[in-house]
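Engineer: Let me give you the structure first, and then I'll get to my questions.
The values are calculated or read from the model by the stated rules, or taken from the named source; none is laboratory data. Predicted, not measured: the structure shown is a model, and the values here were computed from it. Positions of Cβ are generated from backbone atoms using ideal geometry, with glycine treated the same way; all protein chains shown enter the neighbour counts.
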Ligand code: MN
């Protein structure tokens, strides 16, 4: 769908102050000028792509720097703009974001992993790739821009040739969606997976789709009746609440079907009802009312408020025999929990000082978000630092895995090393014999000495020679315990 600047500004005006809006306008005008005349593969004007990217970011309620960087994110790579030019025009914050997005884009799936049939080694490889992605983005906003960028690339994937479609869809499923999930961004994760699904698993996609096609409308009508019923019960209590139905994402349904003998009658959350209220204690009250009205299924009552999921997700889940004995899943949560389930880390920006607080209160009606910010568990160690929005802003430049780097073998395998590690560490990581015979290295195609310090994303090729052997000097060059102990044991052996 074609969009324009005013679509973007309309969303931004809901929560940003005028000063920030004008920065976004300036970024748009510049990007439009740079990409003028360029077309996307689907024949759209190129500016549609950064515009859609920023629309997603604005939908997440992010700050003006992130939205501006979203608009500018392809001006360096595809528009030939110099990075210094961006700094001069938009300042160092936006320049750093664009530079980060450009670098993170280099993280690519180089191996043809067979999805769903991964060996433990391949799983570890993928995990390393995802970590590398996070390491290369030293500011979380870089990842959010890259996710929004990928979302639009997936929405326009139909225009690419089949081979590219498959590679990009796979990468989306294996790297981008899991990262969105880990950042607690359920909605983006679901969209990315559903967009990738028809390309990575065409047969399975058709099958899953055919399973729900007939059921869908019928279920929707039924759900409306149940919602009306619950609404009537809840209204008697004067509790504040919102209620709506939600359909399960297709790919997540497919994965669940695999677990349940491909029997769709065993899937109870095909459609669920979501109830949002103001406080935790009211969540439990709502649960009580539901259980008083409908009989719950034994073993399906889950308290993710008391025990959150590893990515920080919180809700009460219950599955009930609703009208006519049919089974329906109910999810109950507070407004703040809902915001976190949908937006994840992005929800933290909703507390930034660029946001018009009064407007926000009005938009959100009865639901004032809770003051304490629940941080996702992946970043749990930063939790102590997140006492206030100001402190949160200061942690933007955090390092996810502060002291690790990720480098490639010539085969595209990712090797995870401590910071300042060198070719010898790398060689021992591959195999101890290669370490012992290491004579030099090529880093990203260029000769490098053994005291070279590897950097994120570099490709390392170890040169060996039958005459090479570990020396005492090597002990001063290595960072890993593995390399150190191998060198020591070699030196001990020859000194005997
Ligand atoms: Mn892009």
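Engineer: Need pairs with beta-carbon distance below 7 Å; first residue assigned to a helix (DSSP H, G or I) and within the range 220-248, second surrounded by fewer than 16 Cβ atoms within 10 Å (Cβ to Cβ); sequence gap 6+ or separate chains.
Structural biologist: Filtered contacts from the range 220-248: 222/326; 225/323; 226/323; 229/323; 233/293.
Engineer: Taking only the range 280-304 into account, find how many residues are part of a loop (DSSP other than H, G, I, E, B) and touching a strand residue (DSSP E or B) at 6+ places or on another chain (Cβ under 6 Å).
Structural biologist: 4
Engineer: Here's something else I'd like to know. Run down 445, 440 and say which single residue is farther than 24 Å from residue 110 by Cα and touching a strand residue (DSSP E or B) at 6+ places or on another chain (Cβ under 8 Å).
Structural biologist: 440 is the lone residue from the list that is farther than 24 Å from residue 110 by Cα and touching a strand residue (DSSP E or B) at 6+ places or on another chain (Cβ under 8 Å).
Engineer: Also, quick follow-up: So, in the range 24-43, exactly how many residues are more than 16 Å from the ligand (Cβ to nearest atom), in contact with a strand residue (DSSP E or B) (Cβ under 9 Å, 6 or more places away or on another chain) and in contact (Cβ under 8 Å) with a residue 12 or more places away in the chain?
Structural biologist: Selection size over the range 24-43: 1.
Engineer: Right, something else. Looking only at the range 155-198, which residues are closer than 22 Å to residue 39 by Cβ and not in a helix (DSSP H, G or I)?
Structural biologist: 156, 160, 161
Engineer: If you go through the range 168-205, how many residues are closer than 20 Å to residue 105 by Cα and either within 16 Å of the ligand (Cβ to nearest atom) or free of Cβ contacts under 8 Å to residues at least 40 places away in the same chain (or both)?
Structural biologist: So the count comes out to 11.
Engineer: Only helices (runs of 4 or more DSSP H) wholly contained in the range 44-154 count here; list those with 3 or more residues that are away from the ligand (no atom under 16 Å from the Cβ), modelled with pLDDT under 95 and out of contact with any helix residue (DSSP H, G or I) (no Cβ under 7 Å at 6 or more places or on another chain).
Structural biologist: 120-136
Engineer: Shifting gears a bit: Just one of (1) within 18 Å of residue 124 (Cβ to Cβ); (2) modelled with pLDDT of 85 or more; (3) in contact with a helix residue (DSSP H, G or I) (Cβ under 9 Å, 6 or more places away or on another chain) trips up residue 436, so point out which.
Structural biologist: Going through the list (1) within 18 Å of residue 124 (Cβ to Cβ); (2) modelled with pLDDT of 85 or more; (3) in contact with a helix residue (DSSP H, G or I) (Cβ under 9 Å, 6 or more places away or on another chain), residue 436 breaks only (1).
Engineer: In the list 142, 135, 107, which residue meets the criterion of being within 13 Å of the chain's Cα centre (by Cα) and buried (at least 18 other Cβ atoms within 10 Å of the Cβ)?
Structural biologist: When all the criteria are applied, what remains is 142.
Residue by residue, here is whether (1) surrounded by fewer than 19 Cβ atoms within 10 Å (Cβ to Cβ); (2) farther than 20 Å from residue 339 by Cβ; (3) modelled with pLDDT under 95 holds:
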{"residue": "268", "(1), (2), (3)": "yes, yes, yes"}
{"residue": "271", "(1), (2), (3)": "no, yes, yes"}
{"residue": "275", "(1), (2), (3)": "no, no, no"}
{"residue": "282", "(1), (2), (3)": "yes, no, no"}
{"residue": "292", "(1), (2), (3)": "yes, yes, yes"}
{"residue": "299", "(1), (2), (3)": "yes, yes, yes"}
{"residue": "309", "(1), (2), (3)": "yes, no, yes"}
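Engineer: Now for a different question. Return the residues of the range 23-43 that are surrounded by 13 or more Cβ atoms within 10 Å (Cβ to Cβ) and out of contact with any helix residue (DSSP H, G or I) (no Cβ under 9 Å at 6 or more places or on another chain); say none if nothing qualifies.
Structural biologist: Once the filter is applied, which keeps residues that are surrounded by 13 or more Cβ atoms within 10 Å (Cβ to Cβ) and out of contact with any helix residue (DSSP H, G or I) (no Cβ under 9 Å at 6 or more places or on another chain), the range 23-43 yields only 38.
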